[in-house]
Structures are given as C-alpha cells and as structure tokens.
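Take a look at the structure set out below.
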Amino acid sequence: MAKTLSKEEALHCANIFNDYFGQFERIDQYMRDQKMAQIESLPQSLPGMGFDSDMFDDFSISPEDMDIEVVELDNHTWDTCINMISSHSNMVSIPGKALKLAVKDKITNKFLGFIRFGSPVINCKPRNDLLGNVPNLTTFNKTAIMGFVIVPCQPFGYNYLGGKLLAGLCCSHFVR
C-alpha cells in the first residue's frame, strides 16, 4: 500500500535531491563523483592477491605469442575488474539480456580486456535513420544486441591496439 507524502515530506525530499545535484555544474563532474564512490566501495585485498594482479602487465610477450581466449565472467568478477580499469561509471544495471565477457591470454593467465553486450536501446534516432525507419522493436530486440562496454586493459590497449582486437572479437563467429 503506497503512502502519500505530505507537502513537508515532499519538500524535504526535493531539497535533498537539489542539494545533492546542485553541487555539480556539469555531467562529467557527476560521473566522476559516481566513479570515485564505486572505487571507494571496492573490496581491498592484500598486495598481489587482488584482481589487479590478474590484469595484463607483461611487456616481454609479443601478441603473436599470446594464446587468446574469450570467457564469460560472473557478475562480481566482471563488475570488480571493469571498475578497476574503466574511467566510466559501470554499476548501472541495464534491463534486458546481458553477456559479460573477458578476453584473456592463456599463457600468462592475464585479462586483456572486457566486453559487455546488452539489449539494444529501444529508440535510437541515428540507427533508425540508417535503417530508413523505426524497426519492428519486438523483432529487433529478439535478434539484436549492442556492445555497451568494450574496454582493453592498459597497457595492452595502447601498446598492442587491444581495443581493435576487442571490437573485432565482438563481430566474431565465436562471440555471436
């Protein structure tokens, strides 16, 4: 049974809302604040025993010598790892289907990057313009998926063009 707020209670809630969002002048400040809160909430581990030790960091291995695999991760592992390496706030729950993948080097057993697929955005003007009209959304949502997060670990992303590898893997037969 829903309770109706009194005018005073509604004003109190509105003031809390305004006080919080009033501290930000731009959306990037809000996003940075959200990211910092996420980082502070990450569980602390002993040095060398956390997920940070599972990230790519070996400059001596050439990409030709890597044995790359794509693995599906549980929510906790994926969320923790992506929050460690991504500057974007990633804890927002997206409704619909989702697939969280990690790309690993089997030789070093290190993560090279992370990919999250999800249900397509319901209405997207650039996509609709490209298709020529608004697609039948029931059919479209059953047959389409979007890449929401495609993030390589650093320095793999910069030194080895890891983002291009991850984007290519998104289109591979294995991932599809």
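The values are calculated or read from the model by the stated rules, or taken from the named source; none is laboratory data. On a predicted model such as this, the values are computed, not experimentally measured, just so you know. Here the Cβ positions follow ideal geometry from the backbone for every residue, glycine too, while neighbour counts run over all protein chains shown.
The figures follow:
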| item | result |
| --- | --- |
| Selection count, segment 150-175, where residues are farther than 15 Å from F117 by Cβ, crowded, with 16+ Cβ neighbours inside 10 Å and touching a Pro at 6+ places or on another chain (Cβ under 8 Å) | 3 |
| Check on V134, in contact with a Phe, Trp or Tyr (Cβ under 7 Å, 6 or more places away or on another chain), outside any helix (DSSP H, G or I) and either on the phi > 0 side of the Ramachandran plot or not charged (D, E, K, R) (or both) | no |
| Qualifying position, being under 19 Å from the mean Cα position of the chain (by Cα), at negative phi, in the same structural domain as F114 (by TED's automatic domain parsing) and in contact (Cβ under 8 Å) with a residue 40 or more places away in the chain, among G147, G168, G163 | G163 |
| Residue list for segment 88-131, filter: in a loop (DSSP other than H, G, I, E, B) and modelled with pLDDT of 80 or more | K106, I107, T108, N109 |
| Test for I122: is it within 23 Å of M36 (Cα to Cα) and not assigned by TED's automatic domain parsing to the domain that holds M36 | no |
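Yes/no per residue for (1) exposed (fewer than 10 other Cβ atoms within 10 Å of the Cβ); (2) assigned to a helix (DSSP H, G or I); (3) modelled with pLDDT of 75 or more:
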position	(1), (2), (3)
T4	yes, no, yes
C13	no, yes, yes
D19	yes, yes, yes
K35	no, yes, no
Q44	yes, no, no
S60	yes, no, yes
